1. Please specify each residue of segment 64-94 satisfying the condition of being under 12 Å from residue 46 (Cα atoms), part of a helix (DSSP H, G or I) and among the β-branched types (Val, Ile, Thr).
2. Could you identify the single residue in 54, 97, 49, 61 that is out of contact with any helix residue (DSSP H, G or I) (no Cβ under 8 Å at 6 or more places or on another chain) and either in a helix (DSSP H, G or I) or modelled with pLDDT under 90 (or both)?
3. Would you be able to say whether some residue in segment 70-80 is touching a residue at least 12 places away in the same chain (Cβ under 8 Å), crowded, with 17+ Cβ neighbours inside 10 Å and not hydrophobic (A, V, I, L, M, F, W, C)?
4. Given the criterion of a type outside the set (A, V, I, L, M, F, W, C), in contact (Cβ under 8 Å) with a residue 40 or more places away in the chain and either over 24 Å from residue 86 (Cα atoms) or outside any helix (DSSP H, G or I) (or both), identify the matching residue among 108, 126.
5. Filter segment 145-156 down to the residues that are open to solvent by 70 Å² or more (accessible area, probe 1.4 Å) and either over 12 Å from residue 91 (Cβ atoms) or at pLDDT 90 or above (or both) and list them by number.
6. Residue 105 fails exactly one of the following numbered conditions: (1) in contact with a helix residue (DSSP H, G or I) (Cβ under 9 Å, 6 or more places away or on another chain); (2) at pLDDT below 90. What is the number of that condition?
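The values are calculated or read from the model by the stated rules, or taken from the named source; none is laboratory data. It should be emphasised that the depicted structure is a prediction, and the values quoted were computed from it without experimental measurement. Every residue, glycine among them, receives a Cβ derived from its backbone with ideal geometry; neighbour counts consider all protein chains shown. Just so you know, the surface numbers come from the protein's heavy atoms only, side chains and all, with ligands and any DNA or RNA stripped out. Shrake-Rupley method; radii C 1.70, N 1.55, O 1.52, S 1.80 Å.
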Amino acid sequence: MPAEPRMTPDEWKTAMQNEASSVNDRDWAVQTRLAAGRFGWRGAGVSALVFAGLGVSMVLLIQFLWQHDTPDGLWSGVMVGSGVVGALLGLRRVGPLEAGAGALAFLPGAWLAVVSLQATLGNAAPRDPGMDDQGVTVLAVIAACAAGSVRSLAALRRSAAT
């Protein structure tokens with residue numbers, strides 16, 4: 001049997017909104033519109049796992065590769081990496097809100113690595129992740145902007161192709 005074509009999430013959302021606007025039952029139309037605009041928990045979960053892993057990686061690099069001597073451009077590199085990860089998530093159809101929300105997991109991931117290292121290494125472990133806690137909001141904004149930009153470009157390409 002031939003495989004059935006699948007709808008993309010954007011096509012499904014558009015179809016749900018079109019369906020809601022074409023019915024006379026007002027309550028049903030409101031529920032359908034709400035379902036079309038639902039937050040993508042799966043995309044946010046994937047984004048959270050990726051950014052938590054990025055936080056863990058940063059702490060482990062500082063601990064073992066750079067021996068507590070944090071490079072000057074590390075935070076700039078993390079911000080660029082956040083943009084790249086956000087763009088890759090956007091290519092995988094993760095929305096900007098989901099990418100930004102998932103980026104907030106960077107800090108818990110970094111702190112989890114610090115606590116784990118303290119449990120295993122004792123006094124030789126780092127005392128903090130090596131960044132300001134407020135910096136994670138910058139990562140969230142960068143990731144959200146990158147994911148949104150990539151999704152917008154992909155939508156423009158699709159509309160230009162048809």
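1. Going through segment 64-94, the residues under 12 Å from residue 46 (Cα atoms) turn out to be 85-86, 88-90, 92-94.
Keeping just the survivors that are part of a helix (DSSP H, G or I) gives 85-86, 88-90.
Hit for segment 64-94 is 85, nothing else.
2. Values: 54 fails: out of contact with any helix residue (DSSP H, G or I) (no Cβ under 8 Å at 6 or more places or on another chain); 97 fails: out of contact with any helix residue (DSSP H, G or I) (no Cβ under 8 Å at 6 or more places or on another chain); 49 fails: out of contact with any helix residue (DSSP H, G or I) (no Cβ under 8 Å at 6 or more places or on another chain).
Of 54, 97, 49, 61, the one residue that is out of contact with any helix residue (DSSP H, G or I) (no Cβ under 8 Å at 6 or more places or on another chain) and either in a helix (DSSP H, G or I) or modelled with pLDDT under 90 (or both) is 61.
3. Checked segment 70-80: no residue is touching a residue at least 12 places away in the same chain (Cβ under 8 Å), crowded, with 17+ Cβ neighbours inside 10 Å and not hydrophobic (A, V, I, L, M, F, W, C).
4. Details: 108 fails: either over 24 Å from residue 86 (Cα atoms) or outside any helix (DSSP H, G or I) (or both).
Going through 108, 126 in turn, the sole match is 126.
5. 145, 156
6. Residue 105 satisfies all of (1) in contact with a helix residue (DSSP H, G or I) (Cβ under 9 Å, 6 or more places away or on another chain); (2) at pLDDT below 90 except (2).
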